[in-house]
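Encoded as structure tokens, the structure appears first; notes follow it.
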Amino acid sequence: MKRKLAIIFLLVIISLQIFNSFAIQRFPKPEFESGHTQPPTITPDPRAHALAILDVFVLVAALSVVSWLVIKKRSRKGVFWMSVFAVLYFGFFREGCVCSVGSLQNITLALFNPEYSIPITVIAFFILPLVYTLFFGRTFCAGVCPLGALQDIFALHPMPIKSWLEKVLGIIPFIYLGLAILYAATSTDFVICRYDPFIGFFRLDASFMMFMIGAMLLLIGVFIARPYCRFLCPYGALLNLVSRFSKKHITITPTECIQCRLCEDSCPFGAIEKPVLLKDKEARPIAVRRFLILGIIIPVLVIVGGFVGSQFHENLAIVNPKVRLANELLNNTNYGETEKEAFEITAFNSAGQSKEELFKEAGSIIKQFYYGGWILGGFIGLVFGLTLVSLSVFKYREDYTPNKGTCLSCVRCVDYCPVLPISNDY
Amino acid sequence: MNRRQFISSIGRGTILTGLAALSGVLIYRKSKITEPCNFDFICQDCRELKSCKQPEAIIFKRGKEKRNSV
């Protein structure tokens, strides 16, 4: 019932957004004699300084409240309503920008391009969820991230998926993370923002393609809970790594597990790990041999991955607008347009830069992609290798425990546990 | 503290140090960069004027000082 209420509430808020279209610009746009029309902006206007600071305070407050609800109160209801708040405030009110997921690109750009002045708000939005994750697990994913919260509200009939498939699909966020870093580091594009499936909902300006992708993900999310968070989100990949070291993490049982198995299938994200008995442990010589083989395989995967990545550097670089322009000029393809000169070429011709300078610049960018391709490929190889290791490592567990990396701290499993917390009332 | 907790606390410390260093580097670099003018070149009403190092702002501030001294 509360979920349906939340969805109706969200739809009402979305319909209220239509009033934005009546907004008047503070300063009139210049009019050009050439008849040039201003293209629509793809990002929201920058927020006022005070509002940007308020956003950071709201983020800290939201992270603190959700962490308290998860760790101390163990309240699913509380986390759910915080999700609704996150969708409304960080999603619709702030139009989803800047979000922690996209901020990792700003951080990368600031690291690789010293000329880029990164706003303090963006640094805060990147660092704070990581710090909270380091202490309390992925509470940011639980009820602060608007992208996750939106999907969580739509997770009406979640079904479990095979663990091998979960593991394989779980590699995708790391590949996406690597690609996003490569494109941000080379000042090419912010691919996470460009292909964010839900941002168009928050701003009500989604292109048809992105609207369809977002709607598809929400539809899939009804049955396979939070597909973007689990199988695409690059920031989630970072949080996954950091959360493994978290100091306090949600536990299914408040005291001692009685092995009742009620929680076994309660997690819609397949993040509950079953007990592993010592008798399941394989013989030591076999384990040693496997580790020796993996010790050889991982460096091989890194080198092969790096080599393959470097071979694709030209394909990766073509996304860069300067490389694309150089390519179009070199091949005289005019961006596929036949009737008139492409805008990009007209703009280049009127800018006064020579073709030689452009080609030199494009060559330098392609070289960056060559080295970036090596690193990206090596990183993907390493992820594959470490996934193999994680499948091979024997982990002794007595109780049903949430996987610290993949658990989104949604607190659903807690409601299945019949063990009551020890009370001091008696 | 068992072995697993020990490794976890070392990892946590390393990540925290890394995040602190990253924030420090980014804030330090930001302090070194001259902010671009973001108020339509209207120095008169710009709230960034006091710390702005743009040539236009420096000229404006000099003019303002002269006017005040007269």
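Could you tell me which residue of the stretch A:393-424 is surrounded by the most Cβ atoms within 10 Å (Cβ to Cβ), considering only residues that are assigned to a helix (DSSP H, G or I) and of a type outside the set (A, V, I, L, M)? First the steps, then the outcome.
Of the stretch A:393-424, the ones assigned to a helix (DSSP H, G or I) are A:413-416.
Filter again for of a type outside the set (A, V, I, L, M), leaving A:413, A:415-416.
On the way: A:413: 26, A:415: 13, A:416: 18.
Restricting to residues being assigned to a helix (DSSP H, G or I) and of a type outside the set (A, V, I, L, M), the top hit is A:413.
Given the options A:34, A:21, A:103, A:15, name the one that is closer than 22 Å to residue A:147 by Cβ and modelled with pLDDT under 85. Walk me through how you get there before you give the answer.
On the way: A:34 fails: closer than 22 Å to residue A:147 by Cβ; A:21 fails: closer than 22 Å to residue A:147 by Cβ; A:103 fails: modelled with pLDDT under 85.
None of the others qualify; the one that does is A:15.
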Going through B:41, B:60 one at a time, which residue ends up being at pLDDT 80 or above, away from chain A (no Cβ under 11 Å) and farther than 21 Å from residue A:103 by Cα?
B:60
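Is it the case that residue A:89 is open to solvent by 10 Å² or more (accessible area, probe 1.4 Å), within 14 Å of another protein chain (Cβ to nearest Cβ) and among the aromatic types (Phe, Trp, Tyr)?
Details: open to solvent by 10 Å² or more (accessible area, probe 1.4 Å): yes; within 14 Å of another protein chain (Cβ to nearest Cβ): no; among the aromatic types (Phe, Trp, Tyr): yes.
Taking the combined requirement at face value, the residue does not satisfy it.
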One residue is enough: does the stretch A:272-284 have a residue meeting the conditions surrounded by fewer than 13 Cβ atoms within 10 Å (Cβ to Cβ), assigned to a helix (DSSP H, G or I), aliphatic (A, V, I, L, M) and at pLDDT below 90?
yes
From the set of residues in the stretch A:357-390 that are in contact with a Lys or Arg (Cβ under 7 Å, 6 or more places away or on another chain) and surrounded by fewer than 17 Cβ atoms within 10 Å (Cβ to Cβ), which is modelled with the lowest pLDDT?
A:387
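Filter the helices (runs of 4 or more DSSP H) completely within the stretch A:105-197 down to those with at least 2 residues that are within 24 Å of residue A:66 (Cβ to Cβ) and within 14 Å of chain B (Cβ to nearest Cβ). Please lay out each step first, then the result.
Working: elements: A:120-136, A:139-143, A:146-154, A:163-169, A:172-185, A:191-194.
Correct list: A:120-136.
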Could we say that residue A:205 is surrounded by fewer than 19 Cβ atoms within 10 Å (Cβ to Cβ), assigned by TED's automatic domain parsing to the domain that holds residue A:228 and not hydrophobic (A, V, I, L, M, F, W, C) here?
yes
What are the pairs, 6+ residues apart or on separate chains, where a residue within the stretch A:222-242 that is within 14 Å of chain B (Cβ to nearest Cβ) has its Cβ under 7 Å from a residue that is in a loop (DSSP other than H, G, I, E, B) and open to solvent by 20 Å² or more (accessible area, probe 1.4 Å)?
A:240/A:406
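The values are calculated or read from the model by the stated rules, or taken from the named source; none is laboratory data. Note that the structure is predicted; figures quoted are calculated from it, not measured. When we count neighbours, we look across all protein chains shown, and the Cβ atoms used for this are built from the backbone with ideal geometry, even at glycine. In case anyone asks, the SASA skips ligands and DNA or RNA and just uses the protein heavy atoms, side chains included. Shrake-Rupley method; radii C 1.70, N 1.55, O 1.52, S 1.80 Å.
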